[in-house]
Amino acid sequence: AKHWREASKTHMQTDAAPAGDNTYDEDGEKLGAFLQDYTEEDEVGNPLRKYMKVLEQVANRESRRVDIELDDVAEHMGEEMAEKVRRNTLRYKEIIACAIDNVLPAPTAAAADRDVFDVLMEERTRAAAAAASDAVGGVDPNNKVPAELTRRYQVFVLPRVKDKSVPLRQVKAKHIGSPLTLKGIV
């Protein structure tokens, strides 16, 4: 829960939870449980843990995308939570990413060849450990790599199926920060 509290301090004051609402920490814990517990039936009718399967693909470096459907959130957690995520999507994407960091399973397959990112992170970790052993007060918290840079995935929040599409000329300031289905010619 501490990780979400630290992440919430880095965002603008306008993202503060309104009085009487659940805190972002509680929502993060609920979303973590949602990611672990949400099940749907596969083609044969067997229960399938939809988001844990996606997270396993992310852990095995088979995928870099985590799509969260607002319809699934509404079904499992209620309309209120789905509406909170829809109204403040940018902030909840970060909360969902923190929840994913907490529930991400260990890789089940051998990782592909090491890439530049792996080498840089190992070097950074080695340098931080050396600096911590040399420092009197321990590790400098300002020297940590932000979680956003260490993630190997991106979170996408998909709008509800029942949401109507909006013509491009009708997109207004009120739509900023929320998922939107556009109608147009490409």
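The values are calculated or read from the model by the stated rules, or taken from the named source; none is laboratory data. Here the structure is a predicted model, which is why all the values come from computation and not from measurement. Neighbour counts are summed over all protein chains in view; Cβ atoms, including those assigned to glycine, are modelled from backbone coordinates with ideal geometry. Heavy atoms of the whole protein, side chains included, go into the accessibility calculation; ligands, DNA and RNA do not. Shrake-Rupley method; radii C 1.70, N 1.55, O 1.52, S 1.80 Å.
Within the stretch 147-180, the set of residues being of a type in the set (S, T, N, Q) and closer than 23 Å to VAL73 by Cα comprises GLN154, SER165, SER178. Scanning the stretch 165-186 for residues that are surrounded by fewer than 12 Cβ atoms within 10 Å (Cβ to Cβ) and closer than 16 Å to GLU83 by Cβ yields one hit, LYS174. Of all the residues in the stretch 5-39, those that are at pLDDT below 90, within 20 Å of MET81 (Cα to Cα), open to solvent by 70 Å² or more (accessible area, probe 1.4 Å) and not hydroxyl-bearing (Ser, Thr, Tyr) number 4.
Scanning the stretch 153-164 for residues that are assigned to a loop (DSSP other than H, G, I, E, B) and touching a helix residue (DSSP H, G or I) at 6+ places or on another chain (Cβ under 7 Å), we see that the one that is surrounded by the most Cβ atoms within 10 Å (Cβ to Cβ) is TYR153.
Of all residues in the stretch 97-111, exactly one satisfies the criterion of being open to solvent by less than 70 Å² (accessible area, probe 1.4 Å) and farther than 15 Å from TYR153 by Cβ, namely ALA109.
The single residue among LYS84, LYS53 that is over 11 Å from ILE100 (Cα atoms) and without any contact (Cβ under 8 Å) to a residue 60 or more places away in the chain turns out to be LYS53.
Checking each residue in the stretch 40-73 for being closer than 17 Å to ALA106 by Cβ and open to solvent by 60 Å² or more (accessible area, probe 1.4 Å) picks out ARG49, LYS53, GLU56, GLN57, ARG61, GLU62. Scoring VAL66 on the criteria (1) part of a helix (DSSP H, G or I); (2) of a type in the set (A, V, I, L, M, F, W, C); (3) modelled with pLDDT of 95 or more leaves a single failure, condition (1).
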